[in-house]
Each structure stands twice: as C-alpha cells, then as structure tokens.
C-alpha cells in the first residue's frame, strides 16, 4: 500500500521551512511548487471519489483503468492545477510573467509528486523505462502548465471573457493530457509516440522563447 499522504508530508515539510527563509520570486515559486504537490494528492482523492459516484449511478460493474485515465483523470487534474493559478490572480492581481511562473511551479510540483508515487508503486527496476516515463509525464504536465499560465496571463484582465477563455484553455490541456494518457497506455510504437509528443511540444515552446529572446509577453505599464 502506498501512503501518499506521508510522501506529501515529507516533500512539503522542507519547502515550508524554505518559504520562511526565502524572499521574492523564489519564495513564491517554492510555495506554489508545494501547492502543486498538495493539489496532486487532492486530485487523486477526487478521481477515486468521482469514479465511485459514476459506478454507483451508472450501474456499471466496473470502470476500466483506460476509461478512467483517458476520460476522467485529465479533466480532474487540469482543473485542479488551474484553481491555484486562478486564486493567485484573484488575490494578488499580478503581472503576466508572474502568472506563468506560478502555473509552472504548480505543474512541476504536481509532476514531481506523481512521478514519486508512480515509482513507489511500480518500482524503479527498469531504469530506461523509468527515465523515459519520468521525463515524458513530467514534461507533459509542464507543457500543460505552460499553456494554462500563458493563456490565463493573456485573458485574465478581459472582463467577462476570462471565463469562456479559461474554459477553452482547460479543454485544450485536458485533451492534450487525455491523448497522452491514451497513447502511453498502449504497447509498441504507439506508446513511444505518446512519450515523444510532450517532448516535441516542450521543444517548440523553448524554440519560441529563444526566438523571442526569452520573453514572449510584454508587460503592461
């Protein structure tokens, strides 16, 4: 049995100490990195609860793992990763670049905790597969976090349009997440394609950043 709560405590405890010792951007990044860990834990609870509700209401004898990770998990996880960013925007009224930083911190914390739980559950005996899976899943969450952060940084001050735009952003990230989960659940070449897709998107994002001198957003004065 995996005690995810204990793992989360071990990871978050030193981050809490760091928060009191650090200042500025670094303090905020570390804080939301810890939030990402807790959000991942909460998302696991919600996934299990929603699956139970679906089974009890639909009369199905079971819900396959593939159905869960493709149809349910991406939606729940992307919503959970977006909520802290929304709260940060509502409370802090931040600069656009800070929104992206917070979203990336949440996504990285989420990916770290998920990978640790995965290794704890299945073991790390196959180094190559663990390395590939760790990089691909972590990069997938990072790409989704970048989409969320950049998207919200563009639309957060657009009045009533922010809600439909945020919904559209969630649709994009949930679809991307779902496609990744669907592909890596298969065998052979399809799984390899699934592993490669996040890396291709991350490379494209890095290329755009480098092409624009590391700054894709012009801050409002």
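FYI, it's all coordinate maths here, none of it is from the lab. In this text the structure is predicted, and so the values were computed from the model without any measurement. Counting neighbours? That spans all protein chains shown, and the Cβs are built from the backbone with ideal geometry, glycine included.
Each residue in 196, 50 was given a count of other beta-carbon atoms within 10 angstrom of its own, and listing them fewest first yields 196, 50.
Against the chain, whose longest principal axis is taken from its Cα atoms, helix 24-58 shows a tilt of about 40°. Residue exposure proxy: 177, 201, ordered by other Cβ atoms within 10 angstrom of their Cβ from fewest to most, comes out as 201, 177.
Here the Gaussian network model covers the chain, with springs between Cα atoms less than 10 Å apart; of 157, 181, 47, 157 fluctuates the most. Simple spin-label estimate for residue 208 and residue 25 gives 2.0 nm between the two label positions (7 Å along the Cα-to-Cβ direction from each Cα).
Pulled fully out, how much extra length does the chain show between residue 45 and residue 126, if you take 0.36 nm times their separation in residues and subtract their Cα-Cα distance? Write down the numbers at each step before the final one.
Details: separation 81, 0.36 × 81 = 29.16 nm, distance 2.81 nm.
Value of the extension gain: 26.4 nm.
The C-alpha atoms of the chain define a longest principal axis, and helix 73-92 lies at about 20 degrees to it.
First check a/c for the chain, with a ≥ b ≥ c the square roots of the eigenvalues of its C-alpha gyration tensor; if it is under 1.5, answer rounded, and if not, answer prolate when a/b is larger than b/c or oblate otherwise.
Working: a/c = 1.41, a/b = 1.36, b/c = 1.04.
Cα axes put the chain in the rounded bin.
By the count of neighbouring beta-carbon atoms within 10 Å, fewest first, 129, 135 end up ordered 129, 135. Computing FRET efficiency as 1/(1 + (r/R0)^6) for residue 92 and residue 15, where r is the C-beta to C-beta distance and R0 is 22 Å, gives about 0.70. Taking label points 7 Å from Cα along the Cα-to-Cβ direction, residue 187 and residue 7 give a separation of 2.6 nm.
Pairs of Cα atoms under 8 Å, at least six residues apart: use those to get the relative contact order of the chain, whole percent.
Working: 222 pairs, mean separation 49.0, N = 221.
Rounded, it is 22 percent for the chain.
What is the angle, in °, between the Cα long axis of helix 4-21 and the longest principal axis of the Cα atoms in the chain? Nearest 10 is fine, range 0 to 90. That helix lies at roughly 20 degrees to the long axis.
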